[in-house]
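See structure below.
What follows draws every value from the coordinates through simple rules; no lab data is involved. No experiment lies behind these values; they were computed from the predicted model shown. Cβ sites come from the backbone with ideal geometry, for glycine too, and all protein chains shown count toward neighbours.
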Amino acid sequence: MARTRRPLIAGNWKMNGLKADALALAKDVAAGVSQAGWSDREVLVCPPATLVAAVADATKGSGLLAGGQNCHAKASGAHTGDVSAEMLKDAGASHVIVGHSERRADCGETDAIVRAKAEAAWRAGLLPIVCIGETLAEREAGKTLAVLESQLKGSVPAGSTAAKLVVAYEPVWAIGTGKTPTTPEVAAAHAHIRKVLGGLMAEAAGVRLLYGGSVKGSNAAELLAAGDVDGALVGGASLNAAEFLAIAKAA
Ligand code: 13P
C-alpha cells in the first residue's frame with residue numbers, strides 16, 4: 001500500500017566543521033527551518049560526530065533534525081575511535097547515514113557491514129539512511145542497475161518497513177564533482193531501486209528514496225521532481241545555510 005512519502009532533505013557535512021563555524025551554520029539553518037514552519041518535509045543535518053550533541057542542543061525546538069554520518073554495529077565495547085548508534089541517539093541524533101560511498105571506499109565497508117550498521121540504528125532508535133551508488137567505471141560498463149540491486153540486497157536489513165528505512169542513491173561519480181545524472185537517469189535508477197525493494201519488503205512503496213551527488217540550489221527543483229525522488233542527501237551545498245535552505249525549499 002502506498003503511503004505519503006514526506007520529503008527529507010539531509011545535509012552531510014562530512015569531515016567539515018569546527019565548533020564556532022559549525023554552530024553558526026546550524027543556527028542559521030535552524031532559523032530558516034523554524035521560520036518556514038514546514039510540516040510537509042523534514043530537514044536534517046549530519047555534522048561530524050564531535051558536534052552532533054552541540055548541534056542538536058543548539059537547534060532544539062526549531063524543527064531541524066540532527067544525525068550522525070556513521071555508526072559502529074555494536075552498542076559498546078573495545079572499538080577504539082568508533083561511535084555507536086546508541087551514543088548518537090544519546091547525543092540527540094534522530095538519523096544516521098550508513099554505507100556512504102566514502103566509507104565503503106575509505107574504510108572497506110561491505111554490504112554486510114552496512115546492513116549490520118542499519119540494524120544497529122534500529123536497535124538504538126535511529127532511522128538509518130542507507131547509501132548505495134555506482135562508480136563511473138560501473139556506469140560506463142552498463143552495470144548501474146545491477147550494482148544498485150546487489151548493494152540493496154546486501155545492505156537492506158530483513159524486517160525493513162517504510163518507517164524504518166531511507167535509501168539514498170548517490171552515484172559515486174556525481175559526488176563533489178558538479179556532475180549529475182540527467183533527470184530520466186535519476187528516475188530510472190530510483191524506479192529500479194523501488195522495484196528491488198519491492199522484492200525485499202512489503203512496504204517498498206512508502207520508503208523514501210533520496211538522490212545525492214552535486215545537489216545545489218540551482219538544480220534541486222529539477223532533480224527533486226524526477227520520478228520516485230523523495231528528497232536529497234546534500235554534501236558541499238549543505239555547508240552554506242542559504243544554499244541548503246534553497247534546496248529544502250525546492251522539495
Ligand atoms: P556533494 O553534494 O558534495 O556532491 O556530496 C554528496 C554526498 O556525498 C552527500 O552524502
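Structure values in brief
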read-out	value
Average Cα contact separation per residue, region 1-138, under 8 Å, 6 or more apart, as relative contact order %	20
Label-to-label distance, nm, for residues given as residue 20 and residue 140 (7 Å Cα→Cβ offset)	4.5
Fully extended contour minus Cα-Cα distance, from residue 110 to residue 34, at 0.36 nm per residue	23.6 nm
Kyte-Doolittle at least -0.5, axis length at least 24 Å by Cα - qualifying DSSP helices, the chain	19-36, 183-200
Two-site label geometry, residue 122 and residue 76: point separation in nm, points 7 Å out along Cα→Cβ	2.3
Extension gain, residue 4 back to residue 202 (0.36 nm per residue minus Cα-Cα distance, nm)	69.8 nm
Set of lysines near residue 153 by C-alpha distance (under 28 Å), chain-local residues within fewer than 8 positions excluded	14, 74, 89, 117, 143, 164, 179, 195
Part-to-part distance (alpha-carbon centres) for region 168-209 and region 65-143, which is given in Å	18
For the chain: Kirkwood Rh in Å [reciprocal of mean 1/r, alpha carbons]	17.8
Those trypsin sites (Lys or Arg not before Pro) in region 94-152 that DSSP places in a loop and that have at most 15 other beta carbons within 10 Å	143
